[in-house]
Amino acid sequence: MSCICCVPESELLAISNGDFFIYQLPPPLLDSFGRVISEAPPDDSPARCGIATALAQLSPYFPEDQVEPMFAFFVEKGLGDRSEDVRKCMLIAAVAAITDHGKVCSMLLKMSVML
């Protein structure tokens with residue numbers, strides 16, 4: 001068992017594996033000609049801020065092999081969110097992850113510079 005709300009570690013890894021949670025904004029509906037039929041649903045930025053807060057709180061418990069995908073998520077999606085509030089929350093989560101996994105991050109940076 002891990003320390004996070006009595007969730008087994010295998011389930012935690014399964015939750016965070018792959019696309020690092022489901023973090024996609026739904027596109028608007030289009031007709032057969034590519035015209036917008038209906039706009040996208042309202043922005044759910046509070047939910048995305050919740051994801052950032054959860055990542056910040058769970059960061060100490062991520063194993064080393066999950067650190068690189070976590071930072072890839074922050075760089076590719078989290079810090080580039082369209083909502084300023086979400087970007088701020090993601091930045092706080094990324095800083096928390098750097099604080100928790102800074103040694104692994106520095107090794108990743110050194111390896112990427114060598115390539």
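The values are calculated or read from the model by the stated rules, or taken from the named source; none is laboratory data. Model, not experiment: these values are computed from the prediction. Positions of Cβ are generated from backbone atoms using ideal geometry, with glycine treated the same way; all protein chains shown enter the neighbour counts.
Things worth noting here:
- Conditions (1) loosely packed, with under 11 Cβ neighbours inside 10 Å; (2) more than 11 Å from the chain's Cα centre (by Cα); (3) modelled with pLDDT under 85; number of the one not met by Ile22: (2)
- For region 71-91, filtered to residues that are in contact with a helix residue (DSSP H, G or I) (Cβ under 6 Å, 6 or more places away or on another chain) and hydrophobic (A, V, I, L, M, F, W, C), the residue that is surrounded by the fewest Cβ atoms within 10 Å (Cβ to Cβ) is Leu79.
- Pairs, first of a type in the set (Lys, Arg) in region 62-88, second assigned to a helix (DSSP H, G or I), C-beta under 7 Å, six or more apart: Arg87/Leu79
- Taken over region 44-64, the residue count meeting the criterion of being among the aliphatic types (A, V, I, L, M) and under 19 Å from Arg82 (Cα atoms) is 4.
- Residues located in region 44-81, provided they are in contact with a Leu (Cβ under 8 Å, 6 or more places away or on another chain) and part of a loop (DSSP other than H, G, I, E, B): Pro63
- In region 51-67, the residues that are within 11 Å of the chain's Cα centre (by Cα) and more than 13 Å from Asp100 (Cα to Cα): Ile51, Ala52, Thr53, Ala54
- Every listed requirement among (1) part of a helix (DSSP H, G or I); (2) modelled with pLDDT of 75 or more; (3) of a type in the set (A, V, I, L, M, F, W, C) is met by Ile37 save one, (1).
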